[in-house]
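Throughout, read-outs are computed from the coordinates displayed, never taken from laboratory work. These numbers come from a predicted model, not from an experiment. Because the Cβ atoms are built from the backbone with ideal geometry, glycine has one as well, and the counts that use them run over all protein chains shown.
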Amino acid sequence: MTIFNNCASSNPHRPSLMLATFFLLMLLAPAALAVVHEQRDHIPHGWSHHSKHPSDAILPLRIGLVQPNLDSIDSFLNEVAHPESSSYGKHWTAQQVADKFAPTAETIDAVIGWLVDGGFEKERVRVSGSRIWIELNSTVAEAEKLLNTEYHVYQHEETGKKHVGCTKYHVPEHVRRHVDLITPTVHFTASRMKHAAVARGTRLNPGTKPAPVSKPVPLPKPLTHAVPMGTTTQQFLDLSKCDKHMTPVCLRALYGLNKYTPSQTARNSYGIVEYTPQAYVPTDIDVFASYYATDLVGKRPNLVSIDGGVVQTTQTGFDYNGESNLDLQYGMALVTGAQPVQLYQVGDTLEGASFNDFLDAIDGSYCTADGGDDPNYDAVYPNPYGGGYQGPKACGTVTPANVISTSYGYNEADLTQAYSRRQCNEYAKLGLMGVTMLFSSGDNGVAGNRNFCLNAGGSQSAGGARFNPTFPGGCPYITSVGATQVFAGKTVLNPESACADVIYSGGGFSNYFPRPSFQQPQVANYFAAHNPPYSTTKYNAAGRGFPDLSANGANYIVAVQGVRYLVYGTSASAPVVGAILTLINDARLAAGKGPIGWINPTIYSSAFASAFNDVTNGTNPGCGTNGFSAVKGWDPVTGLGTPNFPKLVNLWRALP
Ligand SMILES: *[C@@H]1O[C@H](CO)[C@@H](O)[C@H](O)[C@H]1NC(C)=O
Ligand SMILES: *[C@@H]1O[C@H](CO)[C@@H](O)[C@H](O)[C@H]1NC(C)=O
């Protein structure tokens, strides 16, 4: 709390300074009656106040401009993605998308006019290539005057990394409608992205039930490495042990993939995103393939390096290889060895990368020549700290695959609403272009990463009482994938339950994004028939519910450094659903049709209701509660259920 008393604009003890600033602004620019544009109520976990930022220091100010037509993006998207629309499947080109949403001349003039009135010479102001950002170098004193705020330096307690920011800032009323956000200001994040979602593993040790773990087990000791995996006699190649050991054979049986052979493999595409230092081990694909996917022996994903992305080999073991190995071994196995898979490896080993860095690479209009991101959240390239990747930032240089699966996530509360919206709108644009974006829903039930929940003021801690939704699970333009499980003693012929071994399926309701129309009937039915026993202090019943669907997330056998592990997580579920949707795209391409793109209005439509295996057993505990329950119909634990491929492929093949 004391920290914020340093910020004049929110300091109840220093009203004189506030008034002085106010009158100064009045004198300089009488028309510029400024109102609070964005503010943050608390400092993120792990940071503390360091010092007042020196007035003569230079700040690279970036002003994100409001894009026109964004309020229509939902209807544009529904036109091409709603199964009853006459334009279903008529996706836009990247250029059509860029043109539709480029800020207008009126917006650019209004913001530049404000800056010039505020004392900045026009020569100091630069409009980015995509016209989405206005940039200028300002002294701290100039920026404080312009934004009626005070800049401070904060320090991360663990890493010592410094961050410059303020707790709120002001923009004149007549300019506000042109400004999306300004950086650096309140956008402030601790640790960029949590490798969150999810893969968690235990050594496969047949005969012993793996002990639940709350994080990946430490690397096996060298002695353990020496045990050849061949000494494990059980291989689990049939369907009799799918309740204990999940394999591609089990998944094919569960979701009905057995009879489909892809034929459009040269035209179709499936991308899996990994964030360095997570890295797959090429030889582990062969180890895995030798047991469970012989057509994959010798196959590798196509490495698409983004911002210096490397398949690093200096840090190894489950913590570094588990996620990528899981995603690729299963993603590749299920689309078969005939279908190439793109590995989007993002970020160098020093800086890593964020979702925005990836989005910059696949959409030039999202990116700018100088980087349109927020350096507090997003990695900056070329690497500004020396070393690392010094090449150009990837900016619209990568063609997105038809289906893209990501097994990483944030807590929604880690990010500001403005930052989250900008990214969510970008997912809508990708949907317009026909790309399906899948994300794991999280592994902590109704709690967030690190099992944190929300406190009354919006901060996060282990003791918080309010449910803590994940991001981008709350963004309506992605498809969020939860986790199910075949319970002990059950077979692939029995209905699955919500995952309850080691992890709980992430689910709930967004605090940032309202309930979208596509899920209106299902969510209303859910509340009508199964109203959860919590007051609205626990969650936002009007928010976007997630996940949308689910797939098995327990007991996956994954080869890591030659040794098989049992792995759990919605990290497993997303690439499996990605593979299934990729096969559906194959069927559509074979029928002369386009990819499925943004699937949400389709999967929630009544025609598709029977194409999911409804999951009606289990819960997703967290925040000191049992969480929500999986029930008949959609629920915030397993969504609509798991895919029934034969039904889905027939329905989707019938759409235009
Ligand atoms: C701000 O300063 C940096 C470093 O001198 C420079 O590279 C950048 O081009 C400047 N930006 C603007 C908008 O003038
Ligand atoms: C339902 O889930 C519970 C745990 O939540 C489990 O013990 C039980 O076996 C499951 N029932 C079925 C029919 O799968």
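Just tell me which lysines come within less than 16 Å, Cα to Cα, of Lys241; anything on the same chain fewer than 8 places away is out.
Lys209, Lys490
Quick one: go through region 71-85 and flag any residue whose amide nitrogen is under 13 Å from the point 7 Å out along the Cα-to-Cβ line of Gln96.
Hits in region 71-85 for Gln96 at 13 Å: 76-81.
Evaluate 2.2 N^0.38 Å with N set to the residue count of region 572-641, then give the Cα radius of gyration divided by it.
Against the empirical 2.2 N^0.38 Å value, I get 1.36 for region 572-641.
Given charges of +1 on the Cβ of Lys and Arg and -1 on the Cβ of Asp and Glu, with all other atoms neutral, how large is the dipole of region 522-644 about its Cα centre, in debye to the nearest 20?
80 debye
How large is Rg over Rh for region 476-545, taking Rg from the Cα atoms and Rh as the Kirkwood inverse mean of 1/r across Cα pairs? Before the final figure, lay out each step's value.
Details: Rg = 14.5 Å, Rh = 14.1 Å.
Taking Rh as the inverse mean 1/r over Cα pairs, Rg/Rh reads 1.03.
Compute the distance from the alpha-carbon center of region 117-166 to that of region 468-538, in whole Å.
What the calculation gives is 40 Å, centre to centre.
Straight distance only, please: which lysines reach the Cα of Lys52 with their own Cα at less than 19 Å, same-chain residues fewer than 8 apart left out?
The reachable lysines, counting only those whose Cα sits under 19 Å from Lys52, are Lys145, Lys161, Lys162, Lys168.
For the chain, what D do you get in µm² per second when you plug the Kirkwood radius from alpha-carbon pairs into Stokes-Einstein at 10 °C and 1.306 mPa s?
Answer from the Stokes-Einstein relation: 62 µm²/s.
Within the chain, which DSSP H helices have Cα atoms that stretch 24 Å or more along the helix axis and a mean Kyte-Doolittle hydropathy of at least 0.5?
Helix filter hits for the chain: 570-590.
If one computes P(r) from the Cα atoms of region 310-450, what percent of pairs lie at distances over 28 Å? Display every interim value, and only then the final one.
Details: 2035 of 9870 pairs.
Percent of Cα pairs beyond 28 Å in region 310-450: 21.
Could you check the spin-label model distance between Thr314 and Glu106? Points 7 Å from the Cα along Cα→Cβ, value in nm.
Placing both labels 7 Å along Cα→Cβ, they lie 5.3 nm apart.
Which lysines does Lys593 reach when only Cα atoms under 30 Å apart count, and residues fewer than 8 places away in its own chain are ignored?
Lys90, Lys100, Lys259, Lys299, Lys429, Lys647
Using DSSP to call loops (not H, G, I, E or B), can you name the trypsin sites (Lys or Arg not before Pro) in region 627-656 whose Cβ has at most 14 other Cβ atoms within 10 angstrom?
Hits after loop and neighbour filter: Lys632.
In the neighborhood of Ala609, defined by Cβ-to-Cβ distances under 12 Å, what is the net charge if each Lys or Arg adds +1 and each Asp or Glu adds -1?
Cβ neighbours under 12 Å give a net charge of +1.
Please check the chain for the longest run free of GluC sites (Glu not before Pro) that are loop-located per DSSP (anything but H, G, I, E, B) and have at most 15 other Cβ atoms within 10 Å.
No qualifying site falls inside 159-656, the longest such stretch.
Cα convex hull of region 283-352: mean projected area in nm², to one decimal?
4.6 nm²
Given a Förster distance of 25 angstrom, what is the FRET efficiency for Ala609 paired with Asn531, based on the Cβ-Cβ distance and rounded to 0.05? Write down the numbers at each step before the final one.
Values: r = 21 Å, r/R0 = 0.85.
According to the calculation, E is roughly 0.75.
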